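Structure, as structure tokens:
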Amino acid sequence: MAQPKPKSASKKPSSTLSRDQALHFYRRMLKIRLFEEQVNQLYLGAKMPGLAHLYIGQEAVAVGVCEALRLDDYITSTHRGHGHCIAKGASTDKMFAELLGKAPGYCRGKGGSMHIADQDTDNLGANAIVGGSVGIATGAALSAKMRGTDQVAVCFFGEGALGQGLLYEEMNMAALWKLPVIYVCENNQYNEYTSYRETTAGEVVARAQAFGIHTESIEGQDVQLVYATTSNLVERARLGEGPAFLHCQTYRFHGHHVGDIDRSYYRPMKEEEEWKNERDPVKLLAQWLQKSEMADRKLLNKIEGEITSEINAAVSFALAAAYPEPGEVDQHVYA
Ligand SMILES: Cc1ncc(C[n+]2csc(CCOP(=O)(O)OP(=O)(O)O)c2C)c(N)n1
């Protein structure tokens, strides 16, 4: 069964989106969706080495959070990280090139899906280790504080990372030192093939509250709510009020990774259908745009056409790109 929607954030969202902003959010979310659908096609067509973990269904979290940030604010990401990269402004041609192991990729084709980082957008990188980026984000926040900048760091992680001890060591330090870091827990209900309810005792936010960290728990499929809530958390972090923990209820529409096709043994098909039909973040924003008369179906179709063209061009670029020279196999690699 779909989980009940949590209450809205305790502080009433103060921001209302302009038409330009709302359309920009829509473009970004749709870009993530269409990018990911192409990733799936590349996998199914045996054109992509390895696996990828699709973000489809969770787009409102990445976009709502990243839109509340400045370009020079930091993010760290996870194994399910394509959405975070695109939301922070990464270019899809370099991302596809990375996924295909090609030289123009973000890591010259040596990192693949789970290691994309982008210095131009202060994206400190995806991380294949569950919870692995918590220390990096907290360290970036410590660095910002010591350098006297007002930058903020956001750490995205899945609820599976709640089982990692590192998270608690880092939240303890962040609270003591009032670091400008926001821990964003994307609760897509499953850690691989196990419901989080079987692995996580108590209330999720209670874990951060134990350190005196400010928390919010919200519906993650509503991009406007995610944006407004994050904006408040960013503001308090910039003002030196310390870390925050944002718990977002969300859902991955596909499997744990692209090869996870038969999911019925660990989650009911009815549940998937309910989320897809009733809580699809892209559809919800499209409906809202139409209801509020900011866009009609014709405009939404035009936007979809434009993004489809961009994605197709990016895939073609990556397919045609060269592989790195064999001689550089040990360059840019740290062990
Ligand atoms: C330290 C560590 N343990 C186990 C794994 C294997 N693993 C990869 S993804 C995953 C589940 C992650 O669940 P969650 O953090 O909720 O993220 P989601 O996949 O739902 O986005 C596990 C256990 C890993 N990558 N790192």
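Applying a threshold of 7 Å to beta carbon distances and a minimum spacing of six or more residues, or different chains, the list of pairs starting in the stretch 196-220 at a residue that is in contact (Cβ under 8 Å) with a residue 40 or more places away in the chain and ending at one that is among the charged types (D, E, K, R) and in a loop (DSSP other than H, G, I, E, B) reads GLU219/LYS5.
Within the bounds of the stretch 252-267, is there any residue that is of a type in the set (S, T, N, Q) and away from the ligand (no atom under 13 Å from the Cβ)? Give the derivation first.
Going residue by residue through the stretch 252-267, those that are of a type in the set (S, T, N, Q) are 264.
Next, only the ones that are away from the ligand (no atom under 13 Å from the Cβ) stay: 264.
Yes: the stretch 252-267 contains one or more residues that are of a type in the set (S, T, N, Q) and away from the ligand (no atom under 13 Å from the Cβ).
Restricting attention to the stretch 149-169, and to residues there that are under 11 Å from THR78 (Cα atoms) and not in a helix (DSSP H, G or I), which single residue is farthest from the ligand (Cβ to nearest atom)? Filtering first and then ranking leaves CYS155.
So if I check each of LEU162, LEU167, LEU176, which one is touching a helix residue (DSSP H, G or I) at 6+ places or on another chain (Cβ under 6 Å) and at negative phi?
Working: LEU162 fails: touching a helix residue (DSSP H, G or I) at 6+ places or on another chain (Cβ under 6 Å); LEU176 fails: touching a helix residue (DSSP H, G or I) at 6+ places or on another chain (Cβ under 6 Å).
Every option except LEU167 fails the conditions.
Pick out the one residue from TYR265, TYR323, TYR251, TYR334 that is of a type in the set (Ser, Thr, Tyr), in a loop (DSSP other than H, G, I, E, B), out of contact with any Ser or Thr (no Cβ under 8 Å at 6 or more places or on another chain) and crowded, with 19+ Cβ neighbours inside 10 Å. Lay out the reasoning, then the answer.
Working: TYR265 fails: crowded, with 19+ Cβ neighbours inside 10 Å; TYR323 fails: crowded, with 19+ Cβ neighbours inside 10 Å; TYR334 fails: crowded, with 19+ Cβ neighbours inside 10 Å.
Exactly one of TYR265, TYR323, TYR251, TYR334 is of a type in the set (Ser, Thr, Tyr), in a loop (DSSP other than H, G, I, E, B), out of contact with any Ser or Thr (no Cβ under 8 Å at 6 or more places or on another chain) and crowded, with 19+ Cβ neighbours inside 10 Å, namely TYR251.
For MET294, the conditions (1) under 29 Å from GLY50 (Cα atoms); (2) touching a residue at least 60 places away in the same chain (Cβ under 8 Å) are fulfilled apart from (1). When GLY139 is tested against (1) within 16 Å of the ligand (Cβ to nearest atom); (2) farther than 25 Å from GLN189 by Cα; (3) surrounded by fewer than 20 Cβ atoms within 10 Å (Cβ to Cβ), only condition (1) is not met. Residues that are hydrophobic (A, V, I, L, M, F, W, C), surrounded by 15 or more Cβ atoms within 10 Å (Cβ to Cβ) and part of a loop (DSSP other than H, G, I, E, B): does the stretch 176-188 have at least one? Checking the stretch 176-188: at least one residue is hydrophobic (A, V, I, L, M, F, W, C), surrounded by 15 or more Cβ atoms within 10 Å (Cβ to Cβ) and part of a loop (DSSP other than H, G, I, E, B). Residue check: ASP120 meets all listed conditions (1) charged (D, E, K, R); (2) within 16 Å of the ligand (Cβ to nearest atom); (3) farther than 27 Å from GLY163 by Cα but one, namely (2).
No value in this document is a laboratory result; all are computed from the given coordinates. Please read all numbers here as calculations on a predicted model, not as lab measurements. Quick reminder, even Gly has a Cβ in these numbers, built from the backbone with ideal geometry, and neighbours come from all protein chains shown.
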